[in-house]
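Data block below; observations after.
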Amino acid sequence: MHAVFVDASDTLALIMEQQARPDDLPIVIHRDPDVSPGDLPAVLGDAAIAIIDHTYLPTEIARQCTGLKHVVFLGTGARSYMNIEELAELGISVHLIRGYGDTAVAEATIALMWAAARNLALMDREMRAGQWLREDGMQLTGKTLGLIGFGGIGAEVARIAHGSGMKVLAWNRTPKTIAGVTFVDIDTLLRDSHVVSLHLLLDDATRGFLSRERIAAMRPGAILVNTARAGLTDEAAMIDALRSGHLRHAALDVFEIEPLPADHPLATLPNVTLSAHSAFRTPEASENLIDAALVHCRRIAAEP
């Protein structure tokens, strides 16, 4: 049995080489982060395990990977890249990695929130174009942050927000009780929050969760932050709300189309702050990620 890391960046390849143990199963590192799905059968050969960072694995391509039995996906959002149920019908198990970048994503969420509140990206763009634009910002101390989804990342965001003097509301699919966090129904959260931040996994139940009706129910002038998955929102409704001013600002790390086209409406609106799906990208998170991937591979190799 051997594994292939099909789309390793130089950074992740180096970390894997450093963390792999002599007694690990063989892992072939394919250093091409831009590998196309059509190349995967040749890249994998007869490998039983595919380690995938961000490459799409269509079911019809997986059928051509005759030795493939396991996919170790580097993160939690595998459903954005493959159909887990269809792969299961082919006898291919998909393994996710949770918690590796909770602090990294939480810090990025807070950074995007502050950048949106103080119009930093807008002023930066205008100053580089020779304009001395001075914008009034939103003071966040004393404001209410609403977290939709409260797993590890949401908990970290709440911890940091408390230090900024913010009140924290949360809605979660399963009941929780956390000191300093008030859990409310979704309507109350949308109505009362000055900032709404998404922290849900994307699945059939959450796709489009922040619908046109729910965006309309948000507090007028609120900020929306999304470091989770673009599919959680109705993108057209969000754009309409930004254009009308119902949403003050959107700060986004995830998009329906990645990379985001230069002529996409989100790239042209002044009240949007963009980052390139990089909330999880810190050295610490990358080390945690590869360590967890190796743990998965060792467990699979040890199975009878």
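See the values below:
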quantity: Gaussian network model of the chain, Cα within-10 Å springs - most flexible of G152, G245, G75; calculated: G245
quantity: Equivalent ellipsoid semi-axes - Cα gyration tensor, the stretch 177-304, angstrom; calculated: 31, 20, 14
quantity: Local net charge near M82, Cβ-Cβ under 15 Å (Lys/Arg +1, Asp/Glu -1); calculated: -4
quantity: Hydrodynamic radius by Kirkwood, which averages 1/r over all alpha carbon pairs of the stretch 233-281, in angstrom; calculated: 11.2
quantity: Cα-based equivalent ellipsoid of the stretch 1-159: semi-axis lengths in Å, sorted from largest, via gyration tensor; calculated: 40, 19, 16
quantity: Alpha-carbon gyration tensor eigenvalues x 5, square-rooted, for the stretch 133-248, Å; calculated: 21, 19, 12
quantity: For the stretch 1-90: rounded, prolate or oblate by the Cα gyration tensor [a/c cutoff 1.5]; calculated: prolate
quantity: Selected from L133, L247, L145 as most flexible by GNM, with the chain as the system and alpha-carbon contacts under 10 Å; calculated: L133
quantity: Probe 1.4 Å - accessible area at K69, Å² to nearest ten; calculated: 100
quantity: Positive minus negative residues near R191 (Lys, Arg vs Asp, Glu; Cβ under 12 Å); calculated: -1
quantity: Relative packing of peptides 228-238, 77-87 - highest average C-beta neighbours within 10 Å first; calculated: 228-238, 77-87
quantity: Ranked by how many other beta carbons lie within 10 Å on average, peptides 260-268, 183-191 from highest; calculated: 183-191, 260-268
quantity: Fraction in percent of alpha-carbon pairs per bin - 20 Å, the chain; calculated: 32, 52, 16, 0
quantity: Net charge contributed by nearby residues that have their C-beta within less than 13 Å of R212 (K/R +1, D/E -1); calculated: -3
quantity: Rg over Rh, two decimals, the stretch 101-180 (C-alpha only, Kirkwood Rh); calculated: 1.09
quantity: Estimated [θ] at 222 nm from DSSP helical runs (n ≥ 4, -39500 (n - 2.57)) normalised by residues in the chain, nearest 500; calculated: -10500 deg cm²/dmol
quantity: Degrees between helix 283-302 axis and first principal axis of the chain (Cα, 0 to 90, nearest 10); calculated: 40
quantity: Inter-centroid distance (Cα atoms) of the stretch 109-177 relative to the stretch 224-253, Å; calculated: 14
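The values are calculated or read from the model by the stated rules, or taken from the named source; none is laboratory data. Because the structure is a prediction, the values reported are computed rather than measured. Cβ coordinates were reconstructed from backbone atoms using ideal geometry, including for glycine residues, and neighbour counts include every protein chain displayed. Only protein heavy atoms, including side chains, enter the accessible area calculation; ligands, DNA and RNA are left aside. Shrake-Rupley method; radii C 1.70, N 1.55, O 1.52, S 1.80 Å.
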